[in-house]
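The values are calculated or read from the model by the stated rules, or taken from the named source; none is laboratory data. On a predicted model such as this, the values are computed, not experimentally measured, just so you know. Ligands, DNA and RNA are stripped out before the accessible areas are found, and what is left, the full protein with its side chains, is counted by its heavy atoms. Shrake-Rupley method; radii C 1.70, N 1.55, O 1.52, S 1.80 Å.
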Amino acid sequence: MATDKRKVYAGAALLVVSSVLILASGPFDIGISTTIAGVMGAVAALGLAAGALLVGTSEDGRAV
């Protein structure tokens, strides 16, 4: 049971942080280069995938 909660919390944290990274690297002019924005977007996309995987596999049975 504790592992399931830990997976949900870790997945939710990854989803939130990755969403913030994508929004920060997007259309807002915050003074970062295009290369850094692309790397941030790529890392954020991997974070979203990992977060969704953690939340989807947090319970027993088949993954969502």
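Counting only residues that are of a type in the set (G, A, S), open to solvent by 50 Å² or more (accessible area, probe 1.4 Å) and assigned to a helix (DSSP H, G or I), region 20-64 holds 4 of them.
Rundown of residues vs (1) among the polar types (S, T, N, Q); (2) at pLDDT 90 or above, yes/no style:
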| position | (1), (2) |
| --- | --- |
| A2 | no, no |
| V8 | no, yes |
| G11 | no, yes |
| S19 | yes, yes |
| I30 | no, no |
| G38 | no, no |
| V43 | no, yes |
| L46 | no, yes |
